[in-house]
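Data first, discussion second: the structure below is written as structure tokens.
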Amino acid sequence: LPRRMMLRTATISLLAALSSLLSVAAAAHAPRPPTPSRIKLTQNFREAAALSAKLADPATPQQRKKVAVIGGGLSGLACAKYLSDAGHTPLVLEARDVLGGKVSAWQDADGDMIETGLHIFFGAYPNMMNLFQELGIEDRLQWKAHRMTFAMPQLPGEFTSFDFPDGVPAPLNMAAAILGNTEMLSLLDKVRMVPGLLPMLLEGQPFIDAQDELSVKEFMDKYGMPETVNEEIFIAMAKALDFMDPDRMSMAVVLTAMNRFINEADGSQTAFLDGGQPERLCAPMVDHVLSRGGEVRLGAPLAAIEVGDDGQVACLRLADGSSVEADLYVSAVPVDVFKKLLPASWSTMPFFRQTEELIGIPVINVQLWFDKKLRSVDGLCFSRSPLLSVYADMSTCVEEYADADRSMLELVFAPATREVGADRNWIGASDAEVVAACLGELSRLFPGEIGGEGGAELLKHAVVRTPRSVYAATPGRNRYRPSQATPVPNFVLAGDWTSQKFLGSMEGAVLAGKLAAEVIADRAAGRAAATSQTLKPVHEEVVAAAEGAAPREPVGVRGRHPIAFGGGQQGLGETKFEHA
Ligand SMILES: Cc1cc2nc3c(=O)[nH]c(=O)nc-3n(C[C@H](O)[C@H](O)[C@H](O)COP(=O)(O)OP(=O)(O)OC[C@H]3O[C@@H](n4cnc5c(N)ncnc54)[C@H](O)[C@@H]3O)c2cc1C
């Protein structure tokens, strides 16, 4: 009898192992939507392609320039990539030992990927989509069905979605998605949204830009939008787009995203990258740069920008005491770092002083590994919970992390401090507190599935804090975002926070880097700067305040920890987060 039992147990375990293997294989090979066919048909995609073509035009008369690019995030790397295409020689100086900045990722002792943030790609990312195409890595994006999934706060464990019908052109597909969902907004609420959204549809970008002075709440009051729209949609959007509550956020952010999603048929369709960004997206850019004679240095933090008697950059001084000379210099560091490096002689210039008005927003990324598979959705979910923004079950969403037996949830925890709407300073809380708070919220999203008898147990976690992430898009910030061209002839700015028509996002970072490359390529070719590249005027208040201002010595970047460079890190490290 015991032998028979042993045999039975062995057979059962074998079958279980086989079935789990098969389901992993099935998950890995489940057909997923192809690259959306219409993303390459948009005006924005064509404009982005035209700029790439202009930069890579072999007919352009070139003076080969050596260009030092400070920062190896997406913006600095994109800048270097396009400078290489334009026949120049970039040298990227990245402070950390890992590329990517806010998209950086690293492996833990088990080989699991720890990410600075859950990053979602949208169809409405024309420069990013061109970049993937140019690098020949489009197959690395794993597209999801075209829908937006929201948790239902009043119905624990229930989800609802806006489903965009296939083959229907914009804006009808979004209209169908909104009208087709009867669980989130009543018909009357939908109708009452129209007066606010109509001017955006009719007037486009000028209307959107003008709304930067208003918070979401102020805009809603002005256009008589019902509070339910805020509760159902805008809170979730604000937390996802800029990690804060909508009463603090500029309406231009929401409208910019909505405008793209409404006007581009595949604009709101989402994709996940098939692994960590340093390897899957940054490395191909580095290879591209190296193959054209450029260089990328890791572990090379800039300590100071040395300015010559002519007011231009004389050289860059690195933290190890060495210096770097180039023909031109690009700063692609986050705005909070840039302010610390701003040379004293430039600190009175209105153009650079306006950066004082921009500041990075805190956010926390949490990864939770469970011993069981949770009921999961194949795509991004808006949690609509007080502490969390969006999340995804990566064991379902990304083929490389596929696991049929265990879930790995990646969650964006926002808002993270009181200033941006949180109930406490979560960025200074311990990992245990953050994880406990997440589990509390998840018990509502997955009722009965986590903890308790038979419920999934947490195997391990990773908490990555970024106290200064993308610039906080509070009302009125757009006017302080500087152009890539600066008043200093041999110095150009990049970074998602500089002026460009996409938000503080991966797309914005790539576009800003590309625009910075365009400034340099135009100057080197003796071309008059393109319209997009003229020096953006500085707001009169900043100009007035700069008069008679005393120069300020740069405080410099203190320490070598990731957050000193505007990145995210695990553990509290050397920093006092209470004051972050
Ligand atoms: C949690 C989280 C989730 C996000 N989710 C999304 C998303 O879903 N979709 C999306 O589009 N965007 C998302 N973003 C935003 C996106 O990551 C950023 O907009 C983008 O990566 C910024 O790129 P960047 O190159 O402008 O800046 P960074 O990535 O900050 O790059 C700046 C680089 O400069 C380096 N540096 C700093 N100081 C120095 C120095 N002194 N010397 C040399 N180098 C230096 C840094 O180390 C870094 O590598 C998210 C961000 C976070 C934090």
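Each value in this text was obtained by applying a stated rule to the coordinates, not by laboratory testing. This is a predicted model, so every value here is computed, not measured. Positions of Cβ are backbone-derived with ideal geometry, glycine not excepted, and every protein chain shown enters the neighbour counts.
Can you compute the FRET efficiency between residue 400 and residue 138 using 1/(1 + (r/R0)^6), with r the Cβ-Cβ distance and R0 = 25 Å? Round to the nearest 0.05. Could you put the intermediate results ahead of the total?
Working: r = 16 Å, r/R0 = 0.65.
Given R0 = 25 Å and the Cβ-Cβ separation, E is 0.95.
How large is ³J(HN,Hα), in whole Hz, for each residue of region 481-492 in order, when computed from phi with the Karplus curve 6.51 cos²θ - 1.76 cosθ + 1.60 and θ = phi - 60°, using x for Gly and Pro?
Result, ordered by residue: 7, x, 5, 5, 5, 10, x, 8, x, 9, 9, 10 Hz.
May I ask for log10 I(q)/I(0) of region 362-467 at q = 0.11, 0.13, 0.19 Å⁻¹, from a Debye sum over the Cα atoms as equal point scatterers with solvent left out?
-0.31, -0.44, -0.92
If packing is taken as the mean number of other Cβ atoms within 10 Å per residue, what is the order of 405-418, 207-220, highest first?
Packing order, densest peptide first, comes out as 405-418, 207-220.
Could you check how many percent of all C-alpha pairs in region 105-162 are farther apart than 16 Å? Please report the intermediate quantities before stating the final value.
Numbers: 1107 of 1653 pairs.
Counting pairs separated by more than 16 Å, the tail of P(r) holds 67 percent.
What does the charge dipole of region 362-406 about its Cα centre add up to, to the nearest 20 debye, if the Cβ of each Lys and Arg holds +1 and the Cβ of each Asp and Glu holds -1?
Numbers: 5 positive and 7 negative charges, 60 e Å.
Dipole about the Cα centre, nearest 20: 280 debye.
Take the Cα pairs of region 163-265, get the Kirkwood Rh, then feed it into Stokes-Einstein at 37 °C and 0.692 mPa s and tell me D in µm²/s.
Numbers: Rh = 13.9 Å.
It diffuses with D of about 236 µm²/s by this estimate.
Cα gyration tensor of region 409-492, axes a ≥ b ≥ c as square roots of the eigenvalues: rounded (a/c below 1.5), prolate (a/b > b/c) or oblate? Provide the component values of the computation, followed by the final result.
On the way: a/c = 3.34, a/b = 2.77, b/c = 1.21.
Prolate, since a/c reaches 1.5 and a/b exceeds b/c.
Suppose only helical runs count, i.e. DSSP H with n ≥ 4. What mean residue ellipticity at 222 nm does that imply for the chain under -39500 (n - 2.57) per run, divided by all residues and rounded to the nearest 500 deg cm²/dmol?
On the way: 17 runs with 188 residues, N = 580.
Computed mean residue ellipticity for the chain: -10000 deg cm²/dmol.
I want the antiparallel fraction of DSSP beta bridges within region 45-194, as a percent rounded to 5.
Working: 8 of 14 bridges.
So the antiparallel bridges amount to about 55 percent of the total.
Using only the alpha-carbon atoms, what does the chain span along each of its principal axes? Please give whole angstrom values in decreasing order.
Taking max minus min along each principal axis of the Cα atoms, the chain gives 92, 59, 50 Å.
Starting from the Kirkwood Rh over alpha-carbon pairs, what translational D in µm² s⁻¹ does region 240-367 have by Stokes-Einstein at 20 °C and 1.002 mPa s? Walk me through the intermediate numbers first.
Values: Rh = 18.9 Å.
Calculated translational D: 113 µm²/s.
Past the 11 angstrom mark, what percentage of all C-alpha to C-alpha distances in region 444-483 do you count? Before the final figure, lay out each step's value.
Values: 610 of 780 pairs.
It works out to 78 percent of all Cα pairs.
How large is the translational diffusion coefficient of region 221-308 in µm² per second when you combine the Kirkwood radius over alpha carbon pairs with Stokes-Einstein at 10 °C and 1.306 mPa s?
On the way: Rh = 17.5 Å.
Once the numbers are plugged in, D ends up at 91 µm²/s.
For the chain, what's the relative contact order in percent, using C-alpha pairs closer than 8 Å and at least 6 residues apart?
Details: 1189 pairs, mean separation 120.1, N = 580.
Relative contact order here is 21 percent.
Classify region 46-191 as rounded, prolate or oblate from the Cα gyration tensor: take a ≥ b ≥ c as the square roots of its eigenvalues, call it rounded if a/c is under 1.5, otherwise prolate when a/b beats b/c and oblate if not. Please report the intermediate quantities before stating the final value.
Values: a/c = 3.29, a/b = 1.67, b/c = 1.97.
Because a/c hits 1.5 or more and a/b fails to exceed b/c, region 46-191 counts as oblate.
Going by average Cβ neighbours within 10 Å, how do the peptides 279-288, 236-245, 438-447 rank, with the highest at the top?
Working: 279-288: 20.5, 236-245: 24.5, 438-447: 18.7.
Sorting 279-288, 236-245, 438-447 by mean packing, highest first, produces 236-245, 279-288, 438-447.
If the reach is capped at under 24 angstrom between alpha carbons, list the lysines near residue 190, excluding any in the same chain fewer than eight residues apart.
Excluding near neighbours in sequence, the set is 217, 222, 239.
Sorted from largest down, give the three principal axis spans of the alpha carbons of region 424-580, whole angstrom values.
That gives 71, 34, 31 Å along the principal axes, largest extent first.
Can you give the charge dipole size of the chain about its Cα centre, rounded to the nearest 20 debye, using +1 on the beta carbon of Lys and Arg and -1 on the beta carbon of Asp and Glu? Don't skip to the answer; put the middle values down first.
Working: 54 positive and 70 negative charges, 127 e Å.
Approximately 620 debye in magnitude.
So, with +1 on the Cβ of K and R and -1 on the Cβ of D and E, and no other charges, what is the size of the charge dipole of region 362-467 about its Cα centre, to the nearest 20 debye? Spell out each step's value before the answer.
Details: 10 positive and 16 negative charges, 70 e Å.
Dipole about the Cα centre, nearest 20: 340 debye.
If packing is taken as the average count of other Cβ atoms within 10 Å, what order do 68-76, 381-389, 542-550 fall into, highest mean first?
Numbers: 68-76: 30.1, 381-389: 22.0, 542-550: 12.1.
Sorting 68-76, 381-389, 542-550 by mean packing, highest first, produces 68-76, 381-389, 542-550.
Strictly over 18 Å apart at the Cα level, which of 373/460; 102/536; 65/514; 372/460 would you flag in this model? Please list the in-between numbers first.
Details: 373/460 14 Å; 102/536 26 Å; 65/514 16 Å; 372/460 13 Å.
Going by Cα-Cα distance, 102/536 fall outside the 18 Å limit.
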